[in-house]
Amino acid sequence: MRMIFIGPPGAGKGTQAARLVDHFKIPHISTGDMFRAAVQAGTPMGVEADRYMKAGRLVPDEVVIGMVRERLAAPDTAPGFMLDGFPRTRPQAEALAEALAADGRALDAVLLLEVPDALIVERIVGRRTDPETGAIYHLTFSPPPAAVAARLIHRKDDTEEAVRARLDAYHNQTAPVVPFYEGVGLLRRVNGVGDPDGVTAAIRAALA
Ligand code: AP5
Ligand code: MG
């Protein structure tokens, strides 16, 4: 199964992707997580990406495309993959199509997780992540167990100001990817509003 998750910041891509990859036994490839790991490791790419991420802006296409091409060449993607947060621009979508075609691989589905802007800020500002397990929580909607509460982190780009910039980037640069996949019949729209189990059920139905 080769899948893509598109959706605004805080739509629940990471939350739902974690569930899907368990079910399909495929790797979860989140470009945001890859950049955060590079920032943590202090690599040159991490230093460059950090400047854009902190401001809520997209990392330049050539950096992202190179990183994803390399990741998709790894043998663990043979049974498929779940791309989360890539592609995010038209040139990224075109580069992905080219890279997959060159390997004789094709996408099975593109899931668009739809959540209105009005709900996004609250989801993002309350998010907390476990650096040891990668688990995603929310102070109100998905409270963390007391045992892990002390080690949870709040992402640097999860401020209200950065979220506004991320939403602008989504509407201006990522939204044009939607008609690209709609045109080739791969797009599946899923309502991302409601409790996470309900959203998972809607995704399963969209994939059936
Ligand atoms: P990235 O890490 O991809 O961030 P994002 O797209 O802004 O999305 P998020 O990870 O913030 O949200 P999510 O949809 O995963 O939601 P989650 O499940 O965590 O990218 C970060 C940055 O990296 C970008 O801004 C850019 O700079 C750079 N970058 C990455 N990829 C790039 C690319 N391709 N090109 C260029 N630059 C790139 O959920 C959010 C919260 O809501 C959590 O607290 C969760 O518990 C809660 N929640 C989840 N589901 C529900 C629900 N159903 N109801 C209530 N609460 C819920
Ligand atoms: Mg995410």
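The values are calculated or read from the model by the stated rules, or taken from the named source; none is laboratory data. In this text the structure is predicted, and so the values were computed from the model without any measurement. Here the Cβ is made from the backbone with ideal geometry for all residues, glycine too, and neighbour counts use every protein chain on show. Surface areas here come from the heavy atoms of the whole protein model, side chains and all, with no ligands, DNA or RNA. Shrake-Rupley method; radii C 1.70, N 1.55, O 1.52, S 1.80 Å.
Looking at segment 106-208, the trypsin sites (Lys or Arg not before Pro) that sit in a DSSP loop and have at most 13 other Cβ atoms within 10 Å of their own Cβ are Arg151, Lys156.
I'd like to know how the chain sits against the 2.2 N^0.38 Å rule of thumb: what's its Cα Rg over that expected value?
Values: Rg = 16.3 Å, N = 208, 2.2 N^0.38 = 16.7 Å.
Working it through for the chain, the quotient is 0.98.
What you get for the chain, charging only the Cβ of Lys and Arg (+1) and of Asp and Glu (-1), is a dipole of about 160 debye around the Cα centre. Here segment 1-83 has an Rg and Dmax of 13.3, 36 Å, counting Cα atoms alone.
Loop-only GluC sites (Glu not before Pro) in segment 114-208, please: DSSP not H, G, I, E or B, and at most 11 other Cβ atoms within 10 Å. Working shown, then result.
Details: sites: Glu114, Glu122, Glu132, Glu160, Glu161, Glu182; in loops: Glu132.
Passing sites in segment 114-208 are Glu132.
Among Ala135, Ala165, Ala74, the largest mean-square fluctuation in a Gaussian network model of the chain (Cα springs under 10 Å) belongs to Ala74.
Among all the aspartates and glutamates, which ones have a C-alpha under 18 Å from Lys54's C-alpha, if same-chain residues fewer than 8 places away are not counted? Leaving aside aspartates and glutamates fewer than 8 places away in the same chain, those within reach of Lys54 are Asp33, Asp157, Asp158, Glu160, Glu161, Asp168.
Cα centroid separation, segment 7-81 to segment 134-208: 14 Å. Measuring nothing but alpha carbons in segment 30-151 and taking Rh as the Kirkwood radius, the Rg to Rh ratio lands at 0.99. Positive contributions from Lys and Arg (+1) and negative ones from Asp and Glu (-1), summed over other residues with Cβ under 11 Å from the Cβ of Gly12, come out at +1. Residues considered: Arg88, Arg69, Arg57. Largest GNM mean-square fluctuation over the chain, using C-alpha springs under 10 Å, is found at Arg69.
Using heavy atoms of the protein chains and a probe of 1.4 Å, the accessible area assigned to Leu119 is about 60 Å².
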